[in-house]
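The values are calculated or read from the model by the stated rules, or taken from the named source; none is laboratory data. Since the model is a prediction, treat every value here as computed from it, not as a measurement. Cβ coordinates were reconstructed from backbone atoms using ideal geometry, including for glycine residues, and neighbour counts include every protein chain displayed. We work out accessible area using only protein heavy atoms, side chains counted, and drop any ligands, DNA or RNA first. Shrake-Rupley method; radii C 1.70, N 1.55, O 1.52, S 1.80 Å.
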Amino acid sequence: MSDLPENDQPMPLVSHLTELRTRLLRCVAAVFIIFAGLFSFTQQIYTFVSTPLRQYLPVGATMIATDVSSPFLTPLKLTMMVSLFLAIPVILHQIWGFIAPGLYKHEKRIAVPLLVSSILLFYTGMAFAYYLVFPLIFKFFAAATPAGVEMMTDISSYLDFVMTLFFAFGVAFEIPVAVVLLVWIGVVDVAYLKKIRPYVIIGCFVVGMILTPPDIFSQTLLAVPMWLLFEIGILFGGLVRKRRAEEPEEQPVDDHNDQPPATQA
């Protein structure tokens, strides 16, 4: 029996577009439902996110708002972004529901673990940035403030800075998923990835230098996890490639019998 997609019936374009619209509306609804639940806690959320900076501010210094509407709009903007991050599992589930009917069974077996892993790794990257990287960065910034300069960061500028780093670290922690996908679809093989390992390590430190302050400790703190995640991707990529090679090659179903009918004796 051939391993065919479970839904191998053609769908009209209008049906595809209708389903896509429905799933997009569900994603938007999920974001706004989460936002509605968090709306009452906008100030507390901003206080939590700003803690890594505030604990290193000089005695008597505070964060400031240079725009009249910033005290209200900045926490509101942060809450919306948090709602979007928290809705990622729902968004990915809707994407999965849209593409799953067209996948083969063996593709679903690898796609589901990759989907779950991508969610967990993204959140892990954000937690890594908040609990380990932010304290180091803001401690360095506070120590590097010139004499006679009062460190008083604008709340809008701080939000833009931390959200950029949250996204950067979340994406950086997707390296194993990206490596496994590239190996799985045949863009690269494990032998090639091992061959370019020295260049990848250099690239990790370059990225660490760009995203962190110019001190070797914080650069290493980002570069080493990225390299280790790359190695994990190579490990699982090899396992996925080996397993796929052991599976029988799929043959498309031909509804037309091209063989001539057997002659009767």
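Output ³J(HN,Hα) for segment 89-106: one whole-Hz value per residue in order, computed from phi by the Karplus curve 6.51 cos²θ - 1.76 cosθ + 1.60 with θ = phi - 60°, and x for Gly and Pro.
Result, ordered by residue: x, 5, 4, 5, 5, 5, 4, 4, x, 7, 9, 4, x, x, 9, 6, 4, 5 Hz.
Average the reciprocal distances over every distinct pair of alpha-carbons in the chain, invert the result, and give the Kirkwood radius in Å. The partial results should precede the final answer.
Numbers: mean 1/r = 0.0448 Å⁻¹.
Across the chain, the inverse of the average 1/r is 22.3 Å.
For the chain, with a Gaussian network of springs between Cα atoms less than 10 Å apart, report the residue from 177, 206, 190 with the top mean-square fluctuation.
206
Kindly report the accessible area of segment 17-176 per residue (heavy atoms of protein chains, probe 1.4 Å, no ligands, DNA or RNA), in Å². Write out the running numbers ahead of the final one.
Values: 8540 Å² over 160 residues.
The answer is 53 Å² per residue.
Please report, in debye to the nearest 20, how large the charge dipole of segment 102-194 is about its Cα centre when each Lys and Arg carries +1 at its beta carbon and each Asp and Glu carries -1 there.
Values: 5 positive and 6 negative charges, 100 e Å.
Rounded to the nearest 20 debye, it is 480 debye.
Return the sequence-ordered ³J(HN,Hα) values of segment 73-78 in whole Hz as given by the Karplus equation 6.51 cos²θ - 1.76 cosθ + 1.60 applied to θ = phi - 60°, using x for Gly and Pro.
Here the 3J(HN,Hα) series is 6, 5, x, 5, 4, 4 Hz.
At a threshold of 8 angstrom on Cα-Cα distance, excluding pairs fewer than six apart, so keeping six or more, what relative contact order does the chain reach in percent? It would help to have the intermediate numbers written out before the result.
Values: 220 pairs, mean separation 61.0, N = 265.
Once divided by the residue count of the chain, the mean separation gives 23 percent.
Counting pairs of alpha carbon atoms under 8 Å apart in space and at least six apart in sequence, what relative contact order in percent does segment 181-242 give?
Working: 42 pairs, mean separation 25.7, N = 62.
Value for segment 181-242: 41 percent.
Under 25 Å between alpha carbons: how many lysine pairs meet that in the chain, if sequence neighbours fewer than 8 apart on the same chain are excluded?
4
Tell me which residues come under 5 Å, amide H to amide H, from residue 64 once H is placed; ignore anything under 5 positions away on its chain.
When sequence neighbours closer than 5 places are left aside, the close amide H contacts are 153, 154, 155.
Using a 1.4 Å probe on the protein heavy atoms, what percent of the accessible area of the chain belongs to carbon and sulfur?
Values: 11310 of 16390 Å².
Summing carbon and sulfur atoms, their accessible area is 69 percent of the total for the chain.
Among 17, 120, 78, determine the one that fluctuates most according to a GNM of the chain built with springs between C-alpha atoms less than 10 Å apart.
Taking springs between Cα atoms under 10 Å, the residue moving most is 17.
Determine the dipole magnitude for the chain: charges of +1 sit on the beta-carbon of Lys and Arg, -1 on that of Asp and Glu, nothing else is charged, the reference point is the Cα centre, and the result goes in debye to the nearest 20. Walk me through the intermediate numbers first.
Details: 16 positive and 20 negative charges, 147 e Å.
That gives the chain a dipole magnitude of about 700 debye.
How many nm is it between the label spots at residue 69 and residue 196, if each spot is 7 Å from the Cα in line with the beta carbon?
4.5
Rank 189, 160, 67 by mean-square fluctuation in a GNM of the chain with C-alpha springs under 10 angstrom and give only the top-ranked residue.
Checking each option, the largest mean-square fluctuation is seen for 67.
Put +1 on the Cβ of every Lys and Arg and -1 on every Asp and Glu Cβ in segment 61-213; which of 182, 126, 166 then has its Cα farthest towards the positive end of the dipole?
The listed residue farthest towards the positive side: 182.
For residue 139, tell me the accessible area in Å² from a 1.4 Å probe, rounded to the nearest 10.
Approximately 120 Å² for this residue.
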